[in-house]
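Trainee: Handing you this structure, nothing more for now.
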Amino acid sequence: MTAVTQPVPTYPMARECPFDPPAELARIREDERPAGGSGVARVRIWDGSTPWLVTRYDDVRAALADERLSADADREGYPAASRSRRVRSEGRRRSFIMMDGPEHARHRRMLIGEFTVRRIERLRPLVEQTVTELLDTTEAGENPTDLVQTFALPLPSLVICHLLGVPYADHAFFEAQSRIMVDLTSSAEASAAASDALQDYLAGLVRARLAEPQDDVLGGMAARVAAGDLTVDEASASALLLLVAGHETTANMIALGTLTLLHHPDQLAVVRDGDATQVRGAVEELLRVLTVTHIGRRRVATEDLEIGGVTIRAGEGVVLAAEAANRDPRQWPHPDEVDVSRGTNRHVAFGFGVHQCLGQPLARLELQIAYPALLRRFPGLRVTVPDSEIAFRDDMAVYGVHALPVAF
């Protein structure tokens, strides 16, 4: 069954509330009419193309595991999220997140051992110490302060630098380049230049490890280069993905999650005073509700397939809206409510299938430590401006806040 032509909305849509996905997504998701495509509909994106938008949890999860949907942004019909993200390879370096099949699997296998739950758990003392030191500095500093700059951003930046082997002294450089890369308003040229600058920088670190091996992720990549399993360019492209994703997503979850909890004092109390099991559940709920990867996971069909009763033709773009899927009432009762005591929470904030986020154990560890430590240290924490004066990151590939003015 193919959907009948309907008015084509623009995606991404505007938010009515900064803490919720656009209401139009829920309308598409709940449209049962055959013409509505049972949660699958055409949308218009920035370049005028009209890929299919998939909004229901079961469909999104199944599509993320479907090998007939390619993550290769070089394929014709791939629905790039913005002009800055439409950068064809044409000899350029690219990370394994934009690869399919055996090529993707080969690169991912080289890194997955660094991000197992057991391996990441060994970082707990480091994360706890880093949180304590950042909170000490925050407490001794200016009050009010910007929580993004004093805590939310430096925490994951420090940790990912330690894990990879990147000097934190260079954080201003790599954070600035990262911002350009995830800014949906950047030109393709600016985004490519930022990517090249970062990859050149990381390639230099890999070459340094070839001369002087070290026990970190970059050192492991250098060993692969020496063994002939990777090129320096391939190593630097993967390192770029880990560095950018390793601080951008978690930094925004810390800040936006804190703001959300401040709006829900009863839920905040559970996070502040709860045991480890309660905190883990709270983190999963915040990941579900906020879904900071808010521009959908992009794919292109390599052959005809059916999603939600709609025929997707080979070469057509597909946007998998995790932000809508994570609010699907078929999966969660009262899905728009923040309930940190939900228990089982099989959200798709980290994706699903072979492309699911490699660094999710690290993100979870950082969030599970950061939230309660922050709230216990500053029981009087409050935002000093109304929500209308907070700059939310609608313009970025990762949602959150550009700054969060707080007092304690």
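Trainee: Collect the residues in segment 140-197 that are outside any helix (DSSP H, G or I) and free of Cβ contacts under 8 Å to residues at least 40 places away in the same chain, keeping them in residue-number order.
Mentor: Answer for segment 140-197, where residues must be outside any helix (DSSP H, G or I) and free of Cβ contacts under 8 Å to residues at least 40 places away in the same chain: GLY141, GLU142, PRO167.
Trainee: Can you pull out every residue in segment 387-408 that is over 18 Å from THR291 (Cβ atoms) and open to solvent by 20 Å² or more (accessible area, probe 1.4 Å)?
Mentor: ASP387, SER388, GLU389, ALA391, HIS402, ALA403, PRO405, PHE408
Trainee: If you check PRO21 against the conditions, is it more than 24 Å from ASN345 (Cβ to Cβ) and either open to solvent by less than 50 Å² (accessible area, probe 1.4 Å) or modelled with pLDDT of 95 or more (or both)?
Mentor: Against the criterion (more than 24 Å from ASN345 (Cβ to Cβ) and either open to solvent by less than 50 Å² (accessible area, probe 1.4 Å) or modelled with pLDDT of 95 or more (or both)), PRO21 does not qualify.
Trainee: Looking at (1) farther than 24 Å from ALA105 by Cα; (2) open to solvent by 20 Å² or more (accessible area, probe 1.4 Å); (3) among the hydrophobic types (A, V, I, L, M, F, W, C), which is the only condition ALA226 fails?
Mentor: (1)
Trainee: Starting from segment 388-408, take each residue that is free of Cβ contacts under 8 Å to residues at least 24 places away in the same chain and list its partners that are open to solvent by less than 20 Å² (accessible area, probe 1.4 Å), counting only C-beta distances under 9 angstrom and pairs at least six apart or across chains.
Mentor: ALA391/VAL401
Trainee: What do you reckon, is VAL4 modelled with pLDDT of 95 or more, among the β-branched types (Val, Ile, Thr) and either open to solvent by 40 Å² or more (accessible area, probe 1.4 Å) or touching a Phe, Trp or Tyr at 6+ places or on another chain (Cβ under 9 Å) (or both)?
Mentor: When the stated conditions are applied, VAL4 does not pass them.
Trainee: Among the residues of segment 277-294, are any hydrophobic (A, V, I, L, M, F, W, C), open to solvent by less than 40 Å² (accessible area, probe 1.4 Å) and out of contact with any helix residue (DSSP H, G or I) (no Cβ under 6 Å at 6 or more places or on another chain)?
Mentor: Yes, the conditions are met somewhere in segment 277-294.
Trainee: Filtering segment 370-386 down to residues that are open to solvent by less than 20 Å² (accessible area, probe 1.4 Å) and not aromatic (Phe, Trp, Tyr), which residue is nearest to the chain's Cα centre (by Cα)?
Mentor: Ranking the qualifying residues of segment 370-386, first place goes to ALA370.
Trainee: For segment 271-278, check the following and say yes or no: at least one residue is at pLDDT 95 or above, acidic (Asp, Glu) and within 27 Å of PRO12 (Cα to Cα).
Mentor: no
Trainee: Answer with yes or no whether ALA235 is at pLDDT 95 or above, assigned to a helix (DSSP H, G or I), open to solvent by 10 Å² or more (accessible area, probe 1.4 Å) and more than 29 Å from TYR57 (Cα to Cα).
Mentor: So ALA235 does not fit the description; no.
Trainee: Okay, next question. Taking the condition of being farther than 15 Å from THR10 by Cβ, open to solvent by 10 Å² or more (accessible area, probe 1.4 Å), of a type outside the set (A, V, I, L, M, F, W, C) and modelled with pLDDT of 95 or more, how many residues in segment 25-71 meet it?
Mentor: Of the residues in that region, 8 qualify.
The values are calculated or read from the model by the stated rules, or taken from the named source; none is laboratory data. Fair warning: this is a prediction, and the values are worked out from it, not measured in the lab. Counting neighbours? That spans all protein chains shown, and the Cβs are built from the backbone with ideal geometry, glycine included. Ligands, DNA and RNA are excluded from the accessible area calculation, which covers all protein heavy atoms including side chains. Shrake-Rupley method; radii C 1.70, N 1.55, O 1.52, S 1.80 Å.
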